[in-house]
């Protein structure tokens with residue numbers, strides 16, 4: 001049975017390659033984003049038994065876990081150093097510049113369908129590319145961010 005264009009739009013999952021990343025309202029190109037997860041720590045409560053039974057243990061959700069997000073991008077002359085290095089270098093001066101980062105999954109027209117908001121993110125690690133004389137791969141740098149958490153927004 002043939003499907004119409006509208007049926008395909010609502011029934012088929014979106015491809016993962018059509019996304020954009022915004023840091024401080026500016027679009028920045030990244031080849032890979034990982035670590036967008038929402039999770040909670042758990043606490044164990046032990047109830048005293050009312051009857052002859054043993055103590056009852058209950059697991060309950062507690063505080064939201066912080067997020068560790070990794071962003072990877074190809075090194076581009078004149079673009080990479082000002083964008084990523086300047087952000088992590090500011091930590092050396094004890095000026096933590098926390099920013100909200102949006103990762104937006106887009107449809108075929110480029111409109112955002114689902115957005116992941118990384119709240120109060122700051123860089124904790126910047127990895128240079130791996131250099132190998134026998135390889136012709138693209139030079140890829142990666143930045144690790146810590147954040148208060150991740151929220152998901154439907155567009």
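Since every read-out is calculated from the coordinates, none of them should be taken as a lab result. What you are looking at is a predicted structure, and each value in this text was computed from that prediction instead of being measured. Every residue, glycine among them, receives a Cβ derived from its backbone with ideal geometry; neighbour counts consider all protein chains shown.
I need to check one value: relative contact order of the chain, counting alpha carbon pairs closer than 8 Å and at least 6 residues apart, in percent. Each step should come with its number before you reach the end.
Details: 283 pairs, mean separation 39.4, N = 155.
RCO, the chain: 25 percent.
Can you give me the P(r) profile for segment 1-68? Cα pairs, bins 10 angstrom wide beginning at 0, each as a whole percent.
14, 20, 20, 19, 13, 11, 2
Quick one: 56, 20, 95, 104, fewest Cβ neighbours within 10 Å first, how do they rank? Display every interim value, and only then the final one.
Working: 56 11, 20 16, 95 8, 104 20.
With the sparsest Cβ surroundings first, the list reads 95, 56, 20, 104.
I'd like the distance between the alpha-carbon centres of segment 1-69 and segment 76-153, rounded to an integer number of Å.
20 Å
Hey, what number do you get for the chain at 222 nm if only DSSP H runs of n ≥ 4 count, each worth -39500 (n - 2.57), divided across all residues, to the nearest 500? Provide the component values of the computation, followed by the final result.
Values: 2 runs with 14 residues, N = 155.
It lands at -2500 deg cm²/dmol.
Taking the structure as given and computing Rg and Dmax of the Cα atoms in Å, which label from [x] 16.0, 55; [y] 17.6, 57; [z] 21.4, 72 fits?
The value matching this structure is [z].
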